[in-house]
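Dumping the structure here so I can ask a few things about it.
The values are calculated or read from the model by the stated rules, or taken from the named source; none is laboratory data. What you see is a predicted model; the values in this text were computed from it and never measured. Neighbour counts are summed over all protein chains in view; Cβ atoms, including those assigned to glycine, are modelled from backbone coordinates with ideal geometry.
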Amino acid sequence: MNVKKVLEYFKKITKIPHCSGDTEKLRKFLVEYAKSKGFEPLCDEAGNILISPKNPKICLQAHIDMVCVGNAPDIEIIEENGWLKAKNSSLGADNSIGVAMMIYFMEKYKSIEYLFTNDEEIGLIGAKNLKLKIQSPYLLNLDSENDKEILIGCAGGVDIKIKFPLKKEKIKGILGKVSVENLPGGHSGVDIDKNIPNAIIELIHKIDSLAFIKGGERTNSIPSNAYALEVFEGKEEIEIYDNEYLKFLRKIPHGVLEYDFEFKIPKKSVNFAMIEENNIILSARANSKEGLQELKEYIKMKTLGCEICFENEYPAWQKEKSPFAIKLQKISKAKLNIIHAGLECAVLKEKFPKVAMASFGPLIENPHSIRERVNINSIKNVIETVERLINQI
């Protein structure tokens, strides 16, 4: 069965380390596999791989890196009640299931394009620096996470680094460690409206003094862990941060700032992602170019007096209801939607404005966390749907 083969490829991929920023082994595997099937893969300096035969009618695209949380890249797969998950780590179904599907299709279809992009999870770096040119009139991104939806638009985003001008003072007491640990975590975009507790936010509202603080795991994840050193009653002389810092931390925005009631998703959001001493990282998202600029200005106002810089900015993908997306909708019976997360379609659309694009993928829950899991029946549905689309085109 097609799903069995895809799962075999997926399990093989999980044994090859491919955390963001460290994908060389998986890239080598994909290039060697492509050559073994008679393809001539092209590579660029950003780590992207393109397989492009003559006059292709459609391009399939997925990213090869994963968010490594917990024990990852040591991944031990567990199959349970029709789902795949991992023991104490992220699974990497985002987006290795898409990669596995493309490997499967490469066995069957020699006349379509395959684009593997690198380091999507740390700022869409591969897509932004893509030097390879696709030839197809259509591109199907396999990086969405609900087979009941076809995505035709996405949020843009930016990482925000803030440095607070610390002042210190000395008080009498004794140091103690206060921690918030093993919270569920989640994706900083698609999960930001799901009332998942943020370990950093929980921590800063539980302490009264602060000598040190550290928390968060990844810029694009809702923090699961954080700890601080707090001063309790005692006689030692201890240096702590001025109380203004704790007040400042409590005022930093986190969560949904504006909501899109038409599509029932956030329109603007901020994730308080990481902190170490007086260095803070936020990830901000908005569903339009204008919204993202407004969000940046808002954060500037909330952080007056601090050093602030914006990094890894990527554009929103404006809603694209193309005949290609409608064809896929008719085949799949899924609804057209947009997502409050970044998709490479946004960057690729700027590079290839004439290419019609859509995103479609299996049901993945809790990506970027140790609770990540993917539904096996939905994988089967996506494989069959994409195959029908390929044959029709």
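Residue under question is residue 312, and the condition is that it be under 20 Å from the mean Cα position of the chain (by Cα), closer than 27 Å to residue 128 by Cα and at pLDDT below 95; does it hold?
When the stated conditions are applied, residue 312 passes them.
For residues that are farther than 16 Å from residue 201 by Cα and among the aromatic types (Phe, Trp, Tyr), scanning just segment 211-250, find the one that is surrounded by the most Cβ atoms within 10 Å (Cβ to Cβ).
The residue in question is 241.
Considering only segment 176-186, state which residues are at pLDDT below 95 and either closer than 14 Å to residue 338 by Cα or touching a strand residue (DSSP E or B) at 6+ places or on another chain (Cβ under 7 Å) (or both).
185, 186
Checking residue 262 against (1) of a type in the set (D, E, K, R); (2) over 23 Å from residue 166 (Cα atoms); (3) touching a residue at least 40 places away in the same chain (Cβ under 8 Å), which single condition isn't satisfied?
(3)
Another one. With the requirement that a residue be closer than 14 Å to residue 251 by Cβ and in contact (Cβ under 8 Å) with a residue 24 or more places away in the chain, what does segment 277-302 give you?
Answer for segment 277-302, where residues must be closer than 14 Å to residue 251 by Cβ and in contact (Cβ under 8 Å) with a residue 24 or more places away in the chain: 280, 282, 298, 299, 302.
Look through segment 303-328, keep the residues that are in contact (Cβ under 8 Å) with a residue 24 or more places away in the chain and assigned to a helix (DSSP H, G or I), and return whichever of them is surrounded by the most Cβ atoms within 10 Å (Cβ to Cβ).
It comes out as 328.
Inspect all residues belonging to segment 186-198 and state whether any of them is surrounded by fewer than 21 Cβ atoms within 10 Å (Cβ to Cβ), farther than 15 Å from residue 281 by Cβ and in contact with a Leu (Cβ under 7 Å, 6 or more places away or on another chain).
Checked segment 186-198: at least one residue is surrounded by fewer than 21 Cβ atoms within 10 Å (Cβ to Cβ), farther than 15 Å from residue 281 by Cβ and in contact with a Leu (Cβ under 7 Å, 6 or more places away or on another chain).
Going through segment 353-370 one residue at a time, which ones are out of contact with any Pro (no Cβ under 8 Å at 6 or more places or on another chain), surrounded by 18 or more Cβ atoms within 10 Å (Cβ to Cβ) and modelled with pLDDT of 95 or more?
357, 358, 359, 360, 361, 362, 363, 364
Being surrounded by 18 or more Cβ atoms within 10 Å (Cβ to Cβ), closer than 22 Å to residue 199 by Cβ, out of contact with any helix residue (DSSP H, G or I) (no Cβ under 9 Å at 6 or more places or on another chain) and assigned by TED's automatic domain parsing to the domain that holds residue 163 narrows it down to one of 279, 287, 271, so name that one.
Residue meeting the stated conditions: 271.
Does residue 332 meet the test of being at pLDDT 95 or above and of a type in the set (S, T, N, Q)?
yes
Only one of these conditions is not met by residue 41: (1) out of contact with any helix residue (DSSP H, G or I) (no Cβ under 9 Å at 6 or more places or on another chain); (2) under 28 Å from residue 328 (Cβ atoms); (3) modelled with pLDDT of 95 or more. Which number is it?
(1)
Further, regarding this structure: Going through 387, 297 one at a time, which residue ends up being assigned to a helix (DSSP H, G or I), assigned by TED's automatic domain parsing to the domain that holds residue 186 and of a type outside the set (Ser, Thr, Tyr)?
Within the list 387, 297, the selection yields 297.
Return the residue satisfying two criteria in turn: it lies in segment 58-88 and is assigned to a loop (DSSP other than H, G, I, E, B) and small (Gly, Ala, Ser), and of such residues it is surrounded by the most Cβ atoms within 10 Å (Cβ to Cβ).
Of everything passing the filter in segment 58-88, 72 is surrounded by the most Cβ atoms within 10 Å (Cβ to Cβ).
Of all residues in segment 175-207, how many are part of a helix (DSSP H, G or I) and over 12 Å from residue 223 (Cα atoms)? Before the answer, list the steps.
Residues of segment 175-207 part of a helix (DSSP H, G or I): 199-204.
Narrowing the set further to residues that are over 12 Å from residue 223 (Cα atoms) leaves 204.
Adding up the residues that qualify gives 1.
Which count do you get for residues in segment 329-352 that are in contact (Cβ under 8 Å) with a residue 12 or more places away in the chain and assigned to a loop (DSSP other than H, G, I, E, B)?
Here the count works out to 6.
Here's the yes/no breakdown for (1) of a type in the set (Val, Ile, Thr); (2) in a loop (DSSP other than H, G, I, E, B); (3) surrounded by fewer than 19 Cβ atoms within 10 Å (Cβ to Cβ):
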{"position": "11", "(1), (2), (3)": "no, no, yes"}
{"position": "17", "(1), (2), (3)": "no, yes, yes"}
{"position": "25", "(1), (2), (3)": "no, no, yes"}
{"position": "40", "(1), (2), (3)": "no, yes, yes"}
{"position": "47", "(1), (2), (3)": "no, yes, no"}
{"position": "55", "(1), (2), (3)": "no, yes, yes"}
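Taking residue 95 and the conditions (1) of a type outside the set (Gly, Ala, Ser); (2) out of contact with any Phe, Trp or Tyr (no Cβ under 6 Å at 6 or more places or on another chain); (3) at positive phi, which numbered condition does it fall short on, given that it satisfies the others?
(3)
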